[in-house]
Ligand code: SDX
């Protein structure tokens, strides 16, 4: 692990300090500055943590320059094209892809755990109809902590994996109930005969009694192409290293609070439009721009340093050439165009934004490219999923990543409570 050392000289005092350079299996090495304050009486300063590694991890690897993303060493392209979301959940939690038997066992457990305690249903009534589903989702996940508050033995793998499977299976039910509450229509209970993703779409879209849309061809079922598209979207969102919401989850893990309130905190952090809320904002922005001929004017607004307007779905802290997830979604969008009748007007506006922004010096010089959120919204719109449910969809995909990172934190003996310091400039 230790590769070499680095010597720092304080030119004010002439004193020098030596620190170990730690090398990982891939990616940038780190300078181990854990004794820096004790040695120098000074703090390092890095708001937004642009140059800071907050932990050691073996879950997800990102190479921003190459546009590479791997879960437990498996490339995202392989997972999105050749494996299901549940296989990806097993991979993240266990470190390898499942055998057929392991996958069947996980699938059956997830189907049986999808039901909510009856007591939770009344929680939704406390919210106004127009409550954003992210508010209800975060509150309901916090409430889960009171239904499952037995002590968790982190030495007992079966116990903490059960805790993880439970939250992965219940999040789609809570998200679907939150949506149906916002419409004032009865909830559709989970159906153990349906796969994870088809079950969610059914709880979202079915009529009371579980029947799908009635048309002249009889009861129109959910199309397999829709299930596959949404399953791929879940896989692409499953984890993403130490992003803002995962940092929050690890922060709550470090205080010793219940794992489900750590997930609820991650849901709240993801809601922001700079993070997971961007997918909803992308569609709202395309609708606001309204037509292809208005795109140029909005691009100028996005470039104006005095204008707070930003191009939603563009830019990323880590990816500086392209977001591999966006590339996969762009291909999926093209494949689905006919089958799902993607919204041509919104797509035309999105294509125009892409065409202009990708050739404009402002975006090129700042390495601003479409990120995962730029394409998700158009596909979800075609799946008849309303904008308000885009970030809850992100939550469904990311819950496995958050809970895997939570487990890794809790099993790391060197973990400490998160407690950064500050540069004080007050009175
Ligand atoms: C996700 O971290 C993750 O992994 C997140 C995520 C995950 O899977 O968990 O990948 C999911 O959150 C994707 C990002 C979704 N957010 C958006 O699409 C919102 C729009 N994007 C921006 O808010 C921004 O690009 C961020 C937040 C994504 C990244 O911000 P950074 O890395 O802190 O970059 P910055 O704010 O320092 O900007 C650098 C420059 C600035 O200009 P200058 O001051 O140099 O003149 O680029 C400009 C910014 O003004 N800029 C933009 C812009 N994004 C950055 N200008 C116009 N439009 C934009 N979208």
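The values are calculated or read from the model by the stated rules, or taken from the named source; none is laboratory data. What you are looking at is a predicted structure, and each value in this text was computed from that prediction instead of being measured. All Cβ positions, even for glycine, are placed from backbone atoms using ideal geometry, and neighbour counts span all protein chains on display.
Pick from 276, 251: which is within 30 Å of residue 420 (Cβ to Cβ) and either within 9 Å of the ligand (Cβ to nearest atom) or free of Cβ contacts under 8 Å to residues at least 60 places away in the same chain (or both)? Talk me through it step by step, then tell me what you get.
Working: 251 fails: either within 9 Å of the ligand (Cβ to nearest atom) or free of Cβ contacts under 8 Å to residues at least 60 places away in the same chain (or both).
None of the other options fit; the residue is 276.
Here is a check on your reading of the model: is residue 349 outside the structural domain of residue 51 (by TED's automatic domain parsing), within 15 Å of the ligand (Cβ to nearest atom) and farther than 26 Å from residue 47 by Cβ? No, not satisfied.
Only one of the listed residues (45, 71, 49, 85) is closer than 30 Å to residue 417 by Cβ, within 18 Å of the chain's Cα centre (by Cα) and touching a residue at least 24 places away in the same chain (Cβ under 8 Å). That residue is 71. Taking the conditions exactly as written (in the same structural domain as residue 237 (by TED's automatic domain parsing), in a loop (DSSP other than H, G, I, E, B) and within 18 Å of the chain's Cα centre (by Cα)), does residue 325 satisfy them or not? No. Taking the criterion of being more than 7 Å from the ligand (Cβ to nearest atom) and either buried (at least 21 other Cβ atoms within 10 Å of the Cβ) or under 30 Å from residue 79 (Cα atoms) (or both), the residues of segment 300-322 that qualify are 319, 320, 321, 322. Restricting 386, 370 to those that are assigned by TED's automatic domain parsing to the domain that holds residue 238 and surrounded by fewer than 17 Cβ atoms within 10 Å (Cβ to Cβ) reduces the list to 386.
For segment 282-299: of the residues being within 11 Å of the ligand (Cβ to nearest atom) and touching a residue at least 60 places away in the same chain (Cβ under 8 Å), which is nearest to residue 393 (Cα to Cα)?
282
Within segment 349-357, can one find any residue that is in contact (Cβ under 8 Å) with a residue 24 or more places away in the chain, part of a helix (DSSP H, G or I) and more than 27 Å from residue 66 (Cβ to Cβ)? Looking for residues that are in contact (Cβ under 8 Å) with a residue 24 or more places away in the chain, part of a helix (DSSP H, G or I) and more than 27 Å from residue 66 (Cβ to Cβ), one finds at least one in segment 349-357, hence yes.
For segment 331-348, which residues satisfy the criterion of being in contact with a helix residue (DSSP H, G or I) (Cβ under 8 Å, 6 or more places away or on another chain) and part of a helix (DSSP H, G or I)? Within segment 331-348, 332, 333, 336, 337, 339, 340, 346, 347, 348 qualify. Kindly indicate whether residue 248 is part of a helix (DSSP H, G or I) and closer than 13 Å to residue 398 by Cβ. Answer is yes for this residue. Of the set (1) on the phi > 0 side of the Ramachandran plot; (2) near the ligand (Cβ under 10 Å from one of its atoms), all apply to residue 341 but (2). Return yes when residue 403 is part of a helix (DSSP H, G or I), at pLDDT 90 or above and either farther than 25 Å from residue 223 by Cα or more than 15 Å from the chain's Cα centre (by Cα) (or both) and no when it is not. Taking the combined requirement at face value, the residue satisfies it.
Condition check: more than 14 Å from the ligand (Cβ to nearest atom), in contact with a strand residue (DSSP E or B) (Cβ under 8 Å, 6 or more places away or on another chain) and either within 13 Å of residue 279 (Cα to Cα) or in the same structural domain as residue 229 (by TED's automatic domain parsing) (or both). Does residue 330 satisfy that? Criteria met by residue 330.
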